[in-house]
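Below is one structure; the comments refer to it alone.
The values are calculated or read from the model by the stated rules, or taken from the named source; none is laboratory data. What you see is a predicted model, and the numbers here were worked out from it, not measured in a lab. As a convention, Cβ positions derive from the backbone with ideal geometry for all residues, glycine included, and neighbour counts pool all protein chains shown. With ligands, DNA and RNA removed, areas are computed over all heavy atoms of the protein, side chains included. Shrake-Rupley method; radii C 1.70, N 1.55, O 1.52, S 1.80 Å.
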2 protein chains.
Amino acid sequence: MPDPLVTATPSAYDYPLLVKQLLVNALAVSAKQQITYRGETRYSYADLRRRIGQLASMLSSSGVKAGTTVAVMDWDSHRYLESYFAVPMMGATLFTVNVRISPKQIAYTLNDSGAQVLIANAEFLPLLEQIWGSLAHPPLLIVARDDDCSVETASSLPVACDYELRLSMSSSDFVFGDFDERTRAVLFYTTGTTGDPKGVTYSHRQVVLHALATAATLASPREGQRLHREDVYMPITPMFHVLAWGMPYIAVMLGLKIVLPGRYEPHLLLRLKQTEQVTFSHCVPTILQMLLDGARGDSFDLSGWKMMIGGSALSPGLCRAALDRGIDVFAGYGMSETGPIVALSQFPPGAMHAEADKDAGTDESVRRRCMAGRPVPMVDLRVVDGDMCDVPRDGRTQGEVVLRAPFLTLGYHGKPEASEALWAGGYLHSQDVAVMHPDGYVQIVDRIKDVIKTGGEWVSSIEIEALINEVPGVQESAVIGVKDERWGERPMALVVRRPGSAVSVATIRQRLLALAEASRISRYAVPEATRIVFLDEMPKTSVGKLDKKRLREWID
Amino acid sequence: MPDPLVTATPSAYDYPLLVKQLLVNALAVSAKQQITYRGETRYSYADLRRRIGQLASMLSSSGVKAGTTVAVMDWDSHRYLESYFAVPMMGATLFTVNVRISPKQIAYTLNDSGAQVLIANAEFLPLLEQIWGSLAHPPLLIVARDDDCSVETASSLPVACDYELRLSMSSSDFVFGDFDERTRAVLFYTTGTTGDPKGVTYSHRQVVLHALATAATLASPREGQRLHREDVYMPITPMFHVLAWGMPYIAVMLGLKIVLPGRYEPHLLLRLKQTEQVTFSHCVPTILQMLLDGARGDSFDLSGWKMMIGGSALSPGLCRAALDRGIDVFAGYGMSETGPIVALSQFPPGAMHAEADKDAGTDESVRRRCMAGRPVPMVDLRVVDGDMCDVPRDGRTQGEVVLRAPFLTLGYHGKPEASEALWAGGYLHSQDVAVMHPDGYVQIVDRIKDVIKTGGEWVSSIEIEALINEVPGVQESAVIGVKDERWGERPMALVVRRPGSAVSVATIRQRLLALAEASRISRYAVPEATRIVFLDEMPKTSVGKLDKKRLREWID
């Protein structure tokens, strides 16, 4: 039998999939394209490439080599973008530190990562002073400052050098060699609901394949819910959070103008949208709500803004509010462990034209936009029962989303048991409950642990929250399961009113009962009056999701 | 130092890039999408998947296993599409036989490939009878018939079975396992200008990466010169020719309606364009000319047809004629050895809007559309001098196009010397002469061997041909270099007149002299009157390119 493997002639270049190759075309055809930080600093792709070389030279002279972990603590900046390329391109690992978790957790992740170098925005020096003593092997500290770099920052920390000062003295001629495409490119931590944060890693191969598959998916709709080469891109999911969903790599690969907004301030984001003509962003629902609130009654024009939503469910109410402002809003689906993007709520062929004939805010349009949507090419997304058998594609039968794709994490950093649990049976377990529609579109119902099991039925907390949120006067809500002797569990609703609103328990309950009457939801899904409680503020996680873990602790 | 490679937990699915995974989403979201053969046979993607399973079962029972080579001789059919998937998905190699080369060459390629099974359209049985005796190891012969499969074809060949009959009796439940992504998926032969045809192979990894990168590129323009999910796709580059440029894999991955036109008959192609609402095709310039001629004076509406042109240079005259009929025509660039697509003449951002304000047929628009264009992401395309140094990006300095990409062939089948020559210095040598424009767009000037070296200058044969083709009354032309004692070489023009035209040597020469006067071309580039000769017909290669090799033989 002939050898079925393709053999390469000795001189052939057996192209490994490396992060550096996402830059090749950007430089060939978009060298003059702009990148701006807050509209203040502004440079070209050619400058970006030059500074990537300088950063690598600077890190190299600081001892960074293949296998070294380099941590970054910053808001979304041009410096962050430089590290997205320079660090992996050296064969080192970029560790994007989540700066929104507690100082204790940050110290834990820095220790667990084994980071030998830390690039930190000067803003985080006070925080670092708090935790420096608890670092087992304190990293070499490089400080980046937005203001004049000659200004000394009073700090007790052993600052090795200043980012801009040292960069300006470094050569841009660093030679980025080739290496195995399975080399670790990035590391970050996911803060689950239990235990310590878990380290998620992606290889160069995975970063590149995620960029290619997501770009093909985002670009391919005829119109609507799409990214194209003339878009202006601004992330509103932090660059420390799952690589800002991998979108900066895609933006660079396609040569887009990039707007990096620093720390997210609603007014600045809205201003940058106008002044830099931003057309494509992505964020969690909380941020979208914040942007809509910030633009209310103001002269901000939000139309022509394409906004991909992830992190938690996009509710129909929020979706409608965004559509009303002319935002082409649509959900994406994924997790820290999945690259992240594995599905997008793009319309099926033909649907967009039908929508254009009517009102953009039709129920069908809203329903589509809030779904997880259609899987990205190469993604094998199944909704399965407890025996790993596919549930019927009927839009009703619930099961867990399990996945295979070329860009899913292959295990948690140093956590063999959690890794095996994640991949039980050879599929990545999302812990998301979903239904599969006959047309192959996926709709997430809830997180497995958030589903409320009551009287033999499964009630989706997300569905009830969305319905409560549509009651006038309600700002947001969280529905959790509480123990009940008779029913096993019962739903409990925690509700935050809009400022000035006096919406009552009775109003909320009547609304839900009416929906149960109309068979929209199960009767079991309506909380008793004593289980509808008002809060002043909703607890949130570091990435802006409802913190149901803390709510459960309060209730217990 | 920590191990820099990502390690997979034992249960993780370490997703190899295999052809079968291009089907995953097609089936999930486009199971009802249509595929039609000539508008006569019509079935869904779900049927395609079922028949792929049946074909694999049938081949398996015929002895096909991992490493076996299965040859196919057919025009563009649904059966060809089935073999594009079933054969590689079994770990076997699909050999797409070029049926337009001579019987002797076909025999050579069948012998060289080691094919153990041959699926042939009944139309090719007479040809096979001619060459059967010269096959060292005659393959198992499966015959496919368009008409009723019960009809016996009189043939002296040992036909093993009938495709449809045997398929209908085979199980669709074939299990397609996983294997190394570097397994050979396809093999075909490129008929160069010298020596025997050379076998080109691609691995599963390469087929998948070409599909992803090309899809991202084709889909990403804001408007114009793009492929999207609502396009209806019809190949007009044969499926035996570099996998129809890889486009059938992309069409399936994106879930497009696919129209397979069988043998190319201009009238049928034009009719299918209308009846099946085809919106995206690709072909060589000769076929485009044939389509325009076929539609002349007829009621065919060609508007809304996006047509990617490759194989040889798209001339400005042909481009303008296509634009006049409402075809969104644009060039692609690549070779049998390069996947094939490595560049596309899509407009740079902003240019399309400028064009919409004016006439689509502006000189600038035509100039752009005829270029090789911008490299596909991940493609490292350089234009280099003899020392492998990049030529200036000035749009004037000529050099050879050399390439690196994740989907270039890694060597010719069983030809170590030719393989090393192809990859000399670690870059694939295209043997195409080009200039690089300041904006990163590439313009092919000529094939290295076709450039005419005269009086110390290099004259592009393609450029002179395009100018001659614009003279009224000229149908097509070929310019070749002929030996000259004084100048080394001199250009010689071979011209075919349009039917009924009496265009003269003097007219052609005057036109070229005027262009030299206006500094559009060099004075050296104008052939002497004795070196402008009329032919009745132009010799073409099996894929419709000008056969300059034969012209040179005639002249010598």
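For A:Thr541, the accessible surface of its heavy atoms amounts to roughly 50 Å² (probe 1.4 Å, protein chains only, rounded to the nearest 10).
Placing dummy labels 7 Å off each Cα toward the beta-carbon, the span from B:Ser299 to B:Arg523 is 5.7 nm. For the pair the stretch B:429-468 / the stretch A:103-129, the C-alpha centres are spaced 57 Å from each other.
Taking 17 Å as the straight-line reach from the Cα of A:Lys257, the lysines in range (excluding those fewer than 8 positions away in the same chain) are A:Lys32, A:Lys273, A:Lys306.
The residue among B:Leu513, B:His78, B:Phe280 whose Cα reaches farthest toward the positive pole of the charge dipole of chain B, with charges on the beta-carbon of Lys, Arg, Asp and Glu, is B:Leu513. Rolling a 1.4 Å probe over the heavy atoms of the protein chains gives the protein assembly as shown an accessible area of 36 Å² per residue.
Counting charges near A:Gly411 (Lys, Arg +1; Asp, Glu -1) among other residues having Cβ under 12 Å from its Cβ returns a value of -1. Each other copy places its own label point for B:Ser168 at 8.1 nm from this one, sorted shortest first, where the point lies 7 Å along the Cα-to-beta carbon line. For the protein assembly as shown, the fraction of 1.4 Å probe accessible surface lying on carbon and sulfur atoms is 50 percent.
Taking θ as phi - 60° and the Karplus parameters 6.51, -1.76 and 1.60, the scalar couplings of the stretch B:196-212 work out to 6, x, 10, x, 10, 10, 10, 8, 3, 3, 5, 4, 5, 5, 4, 5, 5 Hz in sequence order, x denoting glycine and proline.
A straight line joining the Cα centroids of the stretch B:180-237 and the stretch A:17-66 runs 30 Å. Of the GluC sites (Glu not before Pro) found in the stretch B:438-523, those that fall in a DSSP loop while having at most 10 other beta-carbon atoms within 10 Å are B:Glu485. Placing a label point 7 Å from the Cα of B:Asp178 along the Cα-to-Cβ line, the residues of the stretch B:4-44 whose backbone N sits under 14 Å from it are B:8-21. Potential lengthening of the chain between A:Ala502 and A:Cys161 amounts to 117.3 nm, from the contour at 0.36 nm per residue minus the alpha-carbon distance.
Determine the sum of side-chain charges near A:Arg205: Lys and Arg each +1, Asp and Glu each -1, restricted to other residues whose C-beta is under 11 angstrom from that of A:Arg205. Net of charged neighbours comes to -1.
Here B:Lys65 is the anchor, and the lysines within straight C-alpha reach of less than 24 Å, apart from those fewer than 8 places off in the same chain, are B:Lys20.
May I ask for the net charge around B:His437, where only other residues with Cβ less than 9 Å from the Cβ of B:His437 are counted and Lys, Arg are +1 while Asp, Glu are -1? Taking every other residue near B:His437 into account, the sum is -1. Extension gain, B:Thr275 to B:Trp487, is 70.8 nm, computed as 0.36 nm per intervening residue step minus the present C-alpha separation. Sorted shortest first, the distances from the A:Arg520 label point to those of the same residue in the other copies are 6.9 nm; each point sits 7 Å from Cα along Cα-to-Cβ. Prolate is the label for chain B. Its Cα gyration tensor axes, ordered a ≥ b ≥ c, give a/c of at least 1.5 and a/b above b/c. Excluding same-chain neighbours fewer than eight residues apart, the aspartates and glutamates reachable from A:Lys198 by a Cα-Cα span under 12 Å are A:Asp112, A:Glu337, A:Glu417. Once the chain from B:Glu40 to B:Lys540 is taken as fully extended at 0.36 nm per residue, the excess over their C-alpha distance is 176.9 nm. Per-residue ellipticity at 222 nm computed for the protein assembly as shown from its helices equals -9000 deg cm²/dmol, with DSSP H segments shorter than 4 residues left out and the rest contributing -39,500 (n - 2.57). For B:Glu457 and B:Met388, a Förster radius of 35 Å and the Cβ-Cβ distance give a FRET efficiency of 0.90, rounded to the nearest 0.05.
Each other copy holds its own label point for A:His137; taking that point as 7 Å from Cα along Cα to Cβ, the gaps run 5.6 nm, nearest first. The calculated FRET efficiency for the pair B:Ala8 and A:Thr397, based on their C-beta separation and a Förster distance of 51 Å, comes to about 0.95.
Taking the dipole about the Cα centre of chain A, with the C-beta of Lys and Arg at +1 and of Asp and Glu at -1, give me whichever of A:Leu422, A:Gln346, A:Pro392 is farthest to the positive side. The residue sitting most towards the positive pole is A:Gln346.
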